[in-house]
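Written out below as structure tokens is the structure these notes cover.
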Amino acid sequence: MAAVYGFPGYEFALVPHPIASLSLDEIRQRARELLPDLSRILGLT
Amino acid sequence: MTATVDSADVRQAIEYYEERGWTDGLPVVPVTESYLAEFLAVSTRHPQDIVFAMPHLDRHCTVRVAAINAALAGCRPEYFPVVLAAWESLTAEGYVPKGIWQSTTGSAPLLVVNGPVRNEIGLNSQGNIFGSGFRANATIGRALRLTAINCFGLAPHHLDQATQATPAKYAACIGENEEESPWPALHTEHGFDAHESTVTAMSVRSVIHIEARHTSVPEQLGLDLAGTVSRTGALVHETISACLVLSPEHAHVFARAGWSKADVRQFVYEHAGRTRAELAAVGKDAISRSTRWRLPADHPEAMPDGRPDEFVRVLNSPEALLTVVAGANNAGVSAVAETFGPRGGRPPITRIERKATMTTEQIDAALQSLRDMLQADGYVLDWSIEDGNLVAIRVVPGSDACAECLVPPELMRGIVTRELSETPYQVGSITLPAKS
């Protein structure tokens, strides 16, 4: 989809499956695990 | 002289398409400009007309591209108007232009064809209705899939992210068995004339088989259908929709008891549901505040599903069901095609626009008198398909050609235009021998 929208190099963070069946705490944990990657992509680290 | 083709060349062409990813995994039929022209010739539309668009991908499909993929799929040219009507119906259906073919759900188009076109092109409406064995059914359905892959880029593992999908993705196109149905056909139910031919497209997630050979009691059969429609595994959203594909035997069980198609829909609507406890047992007793998908009542996103009764109906209205009759009249076997979305309202029944099929033999016939006239003066007239529906004309002098007899190019163009006027073709380039 990134290439279709004209951003072939668009970087994104990958979150492991599953998501929809997680509890609120498990979702928060996923977010915590994702933060370093997001910070790097956004140039914050 | 007989033109010959080396079978190795054909194999090479098939491999070429495969290497490019222009297939659904099965070999495709090599397409040439002249073969493509036969498809374009049966359409009432211009080759550059847009037949389908996916705005979120900024991609669209023209008549020409739809024709290329129909030819690749193995369609005969005379099937092409059905393919075009299918795209129009899918546009009206609404889910596909918004991207449902990319979804993890993995839905596929199911086409129901009504009217005389079924018998004219050999489209099966009887035994093995969801099985194999009929070129029109197999290739019309496949034409949509190949277009999805080749025009819209919806290849598996890429823009098509289906988790498992359905075998219907290869092809799902059926005729209604109007001849053995006790009821009006789908298109005549909605105001079309029985002599008109139509396509109705829907997005299906699965086709579920029903065995009910034991009963001639309409209520028993109706409850069997309702039980299948309301299986909890189908409930991703608050409600669902379906197409009841009844065998002639089952249709007659209802009809003998005086039930119409609408009566069947009403009965199934009233009985298709689950108790609140049954929904709670599978964690689908509430809906999400943001997506309205079903989830457990104790989920942080949960809100009541707005259906206060203990018995929770899974259909919004009787119109969330379509009813067609298809299959052989040989057993109490039917199917429920699970369609996407809550539905209701008018189904996207689309008229098939057909033009008289013109074959290469008919172009020969149209040009015969001109050919005879030129031959009398010692010239040979040859023609070929140039591009789309343009016919290239070439006049070659024989050994005793009458140099003074040949008309100038402008006049020749006028003559050929007149001769082709009753065909879907137009004159393209004209090559005449140089004056000596």
Problem - Sequence-separation-based contact order of the stretch B:177-326, relative, with Cα cut under 8 Å and 6+ spacing, percent - result: 30
Exercise for the section: Would you mind ranking B:Leu72, B:Leu432, A:Leu44 so that the residue whose beta carbon has the fewest other beta carbons within 10 Å leads the list? Expected result: A:Leu44, B:Leu432, B:Leu72
Problem - the stretch B:213-267 versus the stretch B:11-55: alpha-carbon centroid distance in Å - result: 39
Problem - Residues B:Arg64, B:Arg213 arranged by fewest to most Cβ contacts within 10 Å - result: B:Arg213, B:Arg64
Handout entry: Of B:Ala281, B:Ile68, B:Gln362, farthest towards positive along the dipole that unit charges on Lys, Arg, Asp, Glu beta carbons give the protein assembly as shown
Key = B:Ala281
Exercise for the section: Could you tell me which of B:Pro433, B:Ser103, B:Leu295 has its Cα farthest along the dipole of chain B towards the positive end, charges placed at Cβ (Lys, Arg +1; Asp, Glu -1), taken about the Cα centre? Expected result: B:Leu295
Problem - Interchain or long-range residues, amide H under 5 Å from B:Leu295's placed H - result: B:Asp285, B:Ala286, B:Ile287, B:Ser288
Handout entry: Distance (nanometres) between label positions extended 7 Å along Cα→Cβ at B:His158 and B:Glu361
Key = 4.1
Exercise for the section: Identify the residues of the stretch B:219-258 with backbone N under 16 Å of a label point that sits 7 angstrom from the Cα of B:Arg292 along the Cα-to-Cβ direction, or state none. Expected result: B:235-242
Handout entry: GluC sites (Glu not before Pro) lying in DSSP loop within the stretch A:1-40, provided at most 10 other Cβ fall within 10 Å
Key = A:Glu11
Completion exercise
Largest fluctuation, B:Ala138, B:Ala365, B:Ala185 only, Gaussian network model of chain B with Cα springs under 10 angstrom, belongs to B:Ala365
Fill in the blank from the handout: Ranking B:Ser206, B:Pro248, B:Val31 by how far each Cα lies towards the positive end of the charge dipole of the protein assembly as shown (+1 on Lys and Arg Cβ, -1 on Asp and Glu Cβ), the top one is B:Ser206
Handout entry: FRET E, pair B:Ser34, B:Leu432, Förster distance 25 Å, beta-carbon r, rounded to 0.05
Key = 0.70
Problem - Mean ellipticity per residue at 222 nm, deg cm²/dmol - from DSSP H runs of n ≥ 4 across chain B, formula -39500 (n - 2.57) - result: -9000 deg cm²/dmol
Handout entry: With Cα atoms, 0 to 90° folded angle of helix A:24-41 axis to chain A main axis
Key = 30
Exercise for the section: On a C-alpha basis, how far is the centre of the stretch B:285-334 from the centre of the stretch B:400-436 in Å? Whole number, if you could? Expected result: 66
Completion exercise
Any GluC sites (Glu not before Pro) in the stretch B:350-423 that lie in a DSSP loop and have at most 16 other Cβ atoms within 10 Å would be B:Glu353, B:Glu404, B:Glu422
Exercise for the section: Using a 10 angstrom cutoff on alpha carbons, build the Gaussian network for chain B and name the most mobile of B:Ser197, B:Ser247, B:Ser421. Expected result: B:Ser421
Fill in the blank from the handout: Here the percent of antiparallel bridges among DSSP beta bridges lying wholly in chain B, to the nearest 5, is 75
Practice task
Provide the FRET efficiency to the nearest 0.05 for the B:Thr104-A:Ser23 pair, computing r from the beta carbons and using R0 = 25 Å.
Solution key: 0.75
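Any read-out appearing in this document is the output of simple, stated calculations on the displayed coordinates, not a laboratory observation. None of these values were measured; they are calculated from a predicted model. For neighbour counting, all protein chains shown are included, and Cβ atoms are generated from backbone atoms with ideal geometry for every residue, glycine included.
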